[in-house]
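Quick notes on the structure that follows.
The values are calculated or read from the model by the stated rules, or taken from the named source; none is laboratory data. It should be emphasised that the depicted structure is a prediction, and the values quoted were computed from it without experimental measurement. When we count neighbours, we look across all protein chains shown, and the Cβ atoms used for this are built from the backbone with ideal geometry, even at glycine.
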Amino acid sequence: MAAQDDDLRPQLRFVGVLLLASVRLGVVMVGGLALVTVAVLGCDDACTTAGDWSTRASAWQWNALLALALGISLAGLVSLYGVLRRRAATVASALACECAFVAGTIGLLAWGRRLDAAPAAIAVGVAVELAGLA
């Protein structure tokens, strides 16, 4: 009976890791979708032709934000693929890319003074990244 329990432990551990990776991917995809929505909608009724980039609808930074959001989502998918294929190097690379995309997004939002609008979302994003690295 003890030998049979030892045989099941790696499979149960894999199922647990897969569940955590799936939940993490869900959070990453929701965050990515939120960023895509912000990037596609651009600035609101307060758009002008003067001021910083966050108040101009034609600013290139909106496209950069969209690219970063898609990068975050793609890196999340790649990390789940790495978990499914049991490739630690793929997971680590995807998490590193995801961290870089999140850092770029935070920097871009700070530059546009948009951080005051979403501190909770940024805190959740950082927490998800730290949980993925653990």
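Quick notes
- Matching option when the condition is crowded, with 17+ Cβ neighbours inside 10 Å and assigned to a helix (DSSP H, G or I), among A92, A75, A67, A96: A75
- There is at least one residue in region 24-34 that is of a type in the set (K, R) and part of a helix (DSSP H, G or I).
- Just one of the listed residues (A127, A131) is in contact with a Lys or Arg (Cβ under 8 Å, 6 or more places away or on another chain), surrounded by fewer than 13 Cβ atoms within 10 Å (Cβ to Cβ), modelled with pLDDT under 75 and in a helix (DSSP H, G or I), namely A131.
- Selection of region 71-90 for residues being more than 12 Å from the chain's Cα centre (by Cα) and either farther than 20 Å from L19 by Cα or in contact (Cβ under 8 Å) with a residue 60 or more places away in the chain (or both) yields V83, L84, R86.
- Just one of the listed residues (Q11, Q61) is surrounded by fewer than 10 Cβ atoms within 10 Å (Cβ to Cβ), of a type outside the set (A, V, I, L, M, F, W, C), at pLDDT 75 or above and assigned to a helix (DSSP H, G or I), and it is Q11.
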